[in-house]
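Below: the structure, in structure tokens.
Any read-out appearing in this document is the output of simple, stated calculations on the displayed coordinates, not a laboratory observation. Since the model is a prediction, treat every value here as computed from it, not as a measurement. Glycine gets a Cβ as well: all are built from the backbone with ideal geometry, and neighbour counts include every protein chain shown.
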Amino acid sequence: MPLTLSDEVLKQAGLTEQEARVEFACHLFDTGKLALWPAAQLAGMTRVEFEDELNQRRIPIYRMTLEEFQSDLKTLRELGRLQ
């Protein structure tokens, strides 16, 4: 189902159609509703362009889960014992 925004809504928001697509894609990525590549496609950008946009907005491209953090911490502790 397509989403349609009127020219009036875009005007009130002070956005072009492309800017609105980027805003929407960044928000959906930031909230975890879209993965990186689908969000980049929604924004009409390459993956690299979208990553640059996220960096400019200070939106992390990768967020470590608690399980990943705990696993990395365990590995670091084990490496510390080896030295």
| message | Please compute the volume of the convex hull spanned by the alpha-carbon atoms of the range 7-82 and report it per residue in Å³. | response | 110 Å³
| message | Within 10 Å of each candidate Cβ there may be at most 13 other Cβ atoms; applying that plus a DSSP loop requirement, which trypsin sites (Lys or Arg not before Pro) in the range 10-54 survive? | response | Lys33
| remark: Given the candidates Gly80, Ala13, Gly32, the one whose Cα lies deepest towards the positive end of the charge dipole of the range 7-82, counting +1 at each Lys or Arg C-beta and -1 at each Asp or Glu C-beta, is Gly80
| task | Calculate the spin-label point distance for Ala20 paired with Gln41, positioning each point 7 Å from the Cα along the beta-carbon direction, and give it in nanometres. | result | 2.2 nm
| query | Got a sec to turn the phi values of the range 48-61 into Karplus ³J(HN,Hα) couplings, 6.51 cos²θ - 1.76 cosθ + 1.60 with θ = phi - 60°, whole Hz, x for Gly and Pro? | reply | 5, 4, 5, 4, 4, 4, 4, 4, 4, 8, 6, 9, x, 7
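So what is the calculated 222 nm ellipticity per residue for the chain, using -39500 (n - 2.57) for each DSSP H run with n of 4 or more, over all residues, to the nearest 500 deg cm²/dmol?
Details: 5 runs with 56 residues, N = 83.
Helices in the chain give a 222 nm mean residue ellipticity of -20500 deg cm²/dmol.
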